[in-house]
1. Quick one: grab Rg to one decimal and Dmax as a whole number for the range 65-215, Cα atoms only, in Å.
2. Reported to two decimal places, what Rg/Rh ratio describes the range 135-217 when computed on Cα atoms with Rh from the Kirkwood expression?
3. In whole Å, what is the distance between the alpha-carbon centres of the range 216-256 and the range 405-450?
4. If you average the sequence gap of Cα pairs under 8 Å that are 6 or more apart and divide by the length of the range 60-188, what percent do you get for the contact order?
5. If you project the alpha carbons of the range 133-286 onto their three principal axes, what span does each projection cover, largest first, in Å?
6. Which length gain, in nm to one decimal place, applies between residue 417 and residue 117 when the Cα-Cα distance is subtracted from 0.36 nm times their residue separation?
7. With the crude spin-label approximation of a point 7 Å out along Cα→Cβ, what separation in nm comes out for residue 209 versus residue 166?
8. Between residue 495 and residue 336, with labels modelled 7 Å along Cα→Cβ, what's the label distance in nm to one decimal, could you check?
Amino acid sequence: MSGCSDDNNTDSFLNPTRRQLLAFGLAGAAAAWMGPVLGWVPGAEAAGPPAKPTGQAIVGLSQEPTVFNPLMLHIEVDEAVYFNLFSGLWRVDPKGNFTPDLASEIPSLENGGISADGLTWRIKLRDGIKWHDGTPFTAEDVKFNIELINNPNFRAGRRAGHELVKDIKVVSPTELTWRMEKAYAPYQAILSWTFFVPKHILEKEADPNTSSFNNKPIGTGPFKWVERVPGDHITLAANTTYHGGGPYLERLVIKYIPDMTVLYTQFRTGDIDYIGLQGISPDHYDEAKGLAQRDVMPVPQPFIENIAFNLGLPVFQDRAVREALYYGMDKQSIIEAIYYGLPKESESFLPAQSWAFNPDLPKHSYDPAKARKILDDAGWVVGSGGVREKNGVRLEFVNSTTAGNHVREQAQQLLQQNWMEIGAKMSISNLPAAVMWGEYWMMSKFETAMVGIGFMIGPDPDATDFFASRSIGAQGGAGQNTTQYASKDVDTLLQEGAATVDQDKRKTVYQKMQTVTRHDLPYLPIFQYAMVSGTKAGLAGFTPNVNVQENCWNANTWYWAN
């Protein structure tokens, strides 16, 4: 299941040409490519990691991590903490391959870890792993985590896949087995994103949803929790008994800077060492490329920028409205004028690097006249103030996103003009990240949202979490189907895609599903992200990874080479 192994874009970042080095301002003596472990290192200063953790790196993010139990409902930014505080059974690398973490090997047909029918799993764990408080990590912890996720009283972020696990048996402290109710191809990828919490702490809690652990977490990862200053930063310290490589830094500080112009300014002045999540905004890209002692590069990301509809609202239950708004969207101007041509237009929820990507979806065109005709034909009549109405419902709605993201705000203002021209009135109400992506988003309290979503699970194209009708949190489901989209065809295709390990068959299924979602438009896809990433020169180890949600996924390998 190395889903991105044939990804030319990803390969180009791991094995760059001289032309790419020149484009990144890293050719000649400026820098040396030290491979996927070390990343970019200034050529004259390339060196190995220190013998013991030293120094610190400050990660700058435009959104604030707020959920610290990784099994609970959360958004992408929280994973910047999870990758460094917690561990999974295995991880996914930039090529889409799984590498052991808590497990000593990746279970497969070849090593007997997975039976030929995909139903029986045997997991072997590394020996000697300890939680940050010194308690041994064992197979009992793995069993506890899967059972906690499946506990209906626990607010799990994702149950898809986990809910199929039955008859978990602990064979020894380093081995366990289970039976799958049915074969489920995405489960290896799901486990690469499942971070484990300690049984010895959470089993004592009357309600794990409100445990004090959620504010002072303990993991098995390369860094330990030190402090959180809400609205400002989180500090992690090196775990010197970590079972993997590193960590080589003594501290990792995750700093929250909601205004993206201020975020960039702090990167430019050296107050932060890595600018992550949404990166350097496109309007600062040309300047950033010329900054001394900074390594700046565009990197592919799996996120799709889109307009998400709350289909629970009467105004959006008419597909004609969604289709008209899509024709009324000047997508090309958003990409070219506001994002400086960096991202690539998308029609799918999958990134172009995915092995299941459908390149044959209908291409969007900006056609306000067609948009108006669709609305006319559907009975939406222009009323007071130029706003259309139908059966007492006005074509009027609020659009929200993270406050302080000036580039998105420009895109919102353009859409506001676009849509008013076809008789749709959009108001803008942006919120702090912790509010926007909390219950307002997760429980479908928004009307429309401008949001970037990574729909995949690592390299796997399964998007059950976002499209299955049983994943609607506002209706009691476990998942992030916040649009409240419900399609019997999509539910069936998701089940078919997960029921076989034959990648060719799965590709056919997911390509059909993209055709359905492109027709139904629960989201209006705008573009696939091309994040402009920036690090301070000399920060060795940084490696972009299209298969994760945040590129400080391997901060345990970072160190200062100068």
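No value in this document is a laboratory result; all are computed from the given coordinates. Quick caveat: nothing in here was measured; it's all calculated off a predicted structure. Here the Cβ is made from the backbone with ideal geometry for all residues, glycine too, and neighbour counts use every protein chain on show.
1. Here Rg and the maximum Cα pair distance are 14.8, 43 Å.
2. Rg/Rh: 0.95.
3. Between the Cα centres of the range 216-256 and the range 405-450 lies a distance of 34 Å.
4. 21 percent
5. 55, 34, 32
6. Extending this stretch completely gives an extra 102.5 nm.
7. 2.8 nm
8. Spacing of the two 7 Å Cα→Cβ label points: 4.6 nm.
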